[in-house]
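Working notes, beginning with the structure itself.
The values are calculated or read from the model by the stated rules, or taken from the named source; none is laboratory data. From a predicted model like this one, the values you see are computed outputs, not experimental measurements. Don't worry about glycine lacking a Cβ; one is built from the backbone with ideal geometry, like all the others, and counts go over all protein chains shown. Calculation scope for accessible area: heavy atoms of the full protein, side chains included, ligands and nucleic acids excluded. Shrake-Rupley method; radii C 1.70, N 1.55, O 1.52, S 1.80 Å.
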Amino acid sequence: MNIFTDYHHSGLLYSFHLLFEKRLGHRIYRPIGMEWFDKGFWNIAKPYGNNIETVKQFLSMRDTQSLNGSPPLNTIVGRNPMHPFYRVYDSYHDYEQKALSFMQFLEMDIDIIIASIPDHWATYKRLRDQFKPKAKLICHMGNMFNEISEKMHDGTVDNLMASTIAFPHPTFVNSAFYYQEQPLVEFKPTLTTNKKITSFAHVLPKKEMYEQYKNALPEFEFKAFGATCPDGWMKSILELYETMQNSMFVWHVKPGGDGYGWNWHSAFLTGRPILTTFSDYKDKLGGLLFEDGITGVDLEKRPFNENIEFIKKISTSNRLVYMQEECRKRFDKYVNYDNEQTKVKTFLENLH
């Protein structure tokens, strides 16, 4: 099947590649070209006042560099001669995306359309109804969106694919709650001499808290990677994994948390205890992996000085390796991509 989806998160699109293309044998396409925005079928920059530089970053065929220094998103490496689409190289995940201009979209038979942000649920329904009435529409949730209840009851969302913790919904909604697939790596424990604490969250949320712990733990090397962060960008997912594996702890303080959370799950995949404010992840999908003192440290559970002493104690004892092993065990307990494949396959067979 030909599946068209939006593109706002490179990890999500790569997970679609692994699931829909590599596992299920379908074809995933995403938009390219400013015409998508001009015709009103691209809303990803809407929260930023439709800043034209943000629009160009995601859609321009000139491979525009973003204002925050992130890697270019549209490195076109060719056009497919048999089926007209642009081949776009994603250097971060080392694979080629399939991208469609608006005219190429009109000329192609589309079986499924996936809208991965609330601002596209209604927009892509209009796109489907106007140009591809035979296509099925899937509304995807990568985070916990407040809009979901209203959109299910008004009929906008009747096929829900959610990488969030399962929640009650009307029985007439066809749903799949699943884990986004990411590359697996071997677990490697780190040494107690490798005193590094590393953050990977964009814009370094609660920077003052990060600096407070950094100042109180001078024996640790603190690094923060991501958009607008002091230590720049990771060049690839494998570099991120390697950097995590060379760290003792992953710093992950992110108000509001995530539905899925690539950095959060990557920490557990690589077996690195998380230093976090757990209230942001409690009752969310990532929260299933966390247990204070076992797979990380809840910085809200103790006074600041006690947290400092607790982190120091873990870093100089056998407990560190135990916690690392428990992190990977939790990941393996909850995340099984073979099961996700079966779940999503059944979901696709029952699309409305």
Worksheet, complete the sentence: Net charge near TYR213 (other residues with Cβ under 14 Å of its Cβ; Lys, Arg +1; Asp, Glu -1) is 0
Item to complete: Would you work out what percent of the accessible area of segment 1-143, with all protein chains in place, is carbon or sulfur (probe 1.4 Å)?
Response: 49 percent
Item to complete: Return the FRET efficiency for the residue pair LYS313, LEU238: r is the Cβ-Cβ distance, R0 is 41 Å, and the value is rounded to the nearest 0.05.
Response: 0.80
Item to complete: At most 15 other Cβ atoms within 10 Å and a DSSP loop assignment: could you name the trypsin sites (Lys or Arg not before Pro) in segment 212-305 that fit?
Response: LYS235, LYS282, LYS301
Practice prompt. Calculate the spin-label point distance for THR75 paired with HIS169, positioning each point 7 Å from the Cα along the beta-carbon direction, and give it in nanometres.
Written response: 3.6 nm
Discussion item. Output wanted: per-residue J couplings in Hz (rounded whole) for segment 152-168, from phi through Karplus 6.51 cos²θ - 1.76 cosθ + 1.60, θ = phi - 60°, x for Gly and Pro.
Written reply: 6, 6, 8, x, 5, 10, 10, 10, 10, 10, 10, 8, 10, 5, 5, 9, x
Fill in: Whole-Hz ³J(HN,Hα) from phi, Karplus 6.51 cos²θ - 1.76 cosθ + 1.60, for segment 347-352, glycine and proline x
4, 5, 6, 10, 4, 7
Item to complete: Using the heavy atoms of the protein chains and a 1.4 angstrom probe, tell me the accessible area per residue for the chain in square angstrom.
Response: 44 Å²
Response to the item:
So for R0 = 22 Å, FRET eff. of LEU24-THR228 from the Cβ-Cβ r, to 0.05, ends up at 0.05
Worksheet item: Quick one: which of LYS39/LYS136; LYS98/LYS343; LYS98/LYS333 span more than 30 angstrom between C-alpha atoms?
Response: LYS98/LYS333
Worksheet item: Listed here are the pairs LYS151/LYS345; LYS56/LYS125; LYS56/LYS206; LYS22/LYS56; LYS196/LYS284; LYS214/LYS254; which of them are more than 21 Å apart at the Cα?
Response: LYS151/LYS345; LYS56/LYS125; LYS56/LYS206; LYS22/LYS56; LYS196/LYS284
Practice prompt. Distance between Cα centroids, segment 292-345 to segment 192-244: provide it in whole Å.
Written response: 17 Å
Discussion item. If you take every residue apart from PRO133 with its C-beta less than 13 Å away from the C-beta of PRO133, what net charge results, scoring Lys and Arg +1 and Asp and Glu -1?
Written reply: +3
Worksheet item: Tell me, what HN-Hα J-couplings in whole Hz come from the Karplus equation 6.51 cos²θ - 1.76 cosθ + 1.60 at θ = phi - 60° for each residue of segment 198-205, using x for Gly and Pro?
Response: 10, 10, 10, 7, 4, 6, 6, x
Item to complete: Once you have the Cα-Cα distance between GLU53 and GLU291, take 0.36 nm times their residue separation minus that, and quote the gain in nm to one decimal.
Response: 81.5 nm
Discussion item. Given the -39500 (n - 2.57) contribution per DSSP H run of 4+ residues, what per-residue ellipticity at 222 nm results for the chain, rounded to the nearest 500 deg cm²/dmol?
Written reply: -9500 deg cm²/dmol
Item to complete: Quick one: net charge around GLU340, please, counting Lys, Arg +1 and Asp, Glu -1 for every other residue with C-beta under 13 Å from its C-beta.
Response: +2
Discussion item. I need the calculated FRET efficiency for the pair ASP154 and MET103, taking r as the beta carbon distance and R₀ as 35 Å, to the nearest 0.05.
Written reply: 0.65
Discussion item. Within the chain, which is the longest segment that contains none of the GluC sites (Glu not before Pro) sitting in a DSSP loop with at most 10 other Cβ atoms within 10 Å?
Written reply: 1-185
Fill in: Average Cα contact separation per residue, the chain, under 8 Å, 6 or more apart, as relative contact order %
14 percent
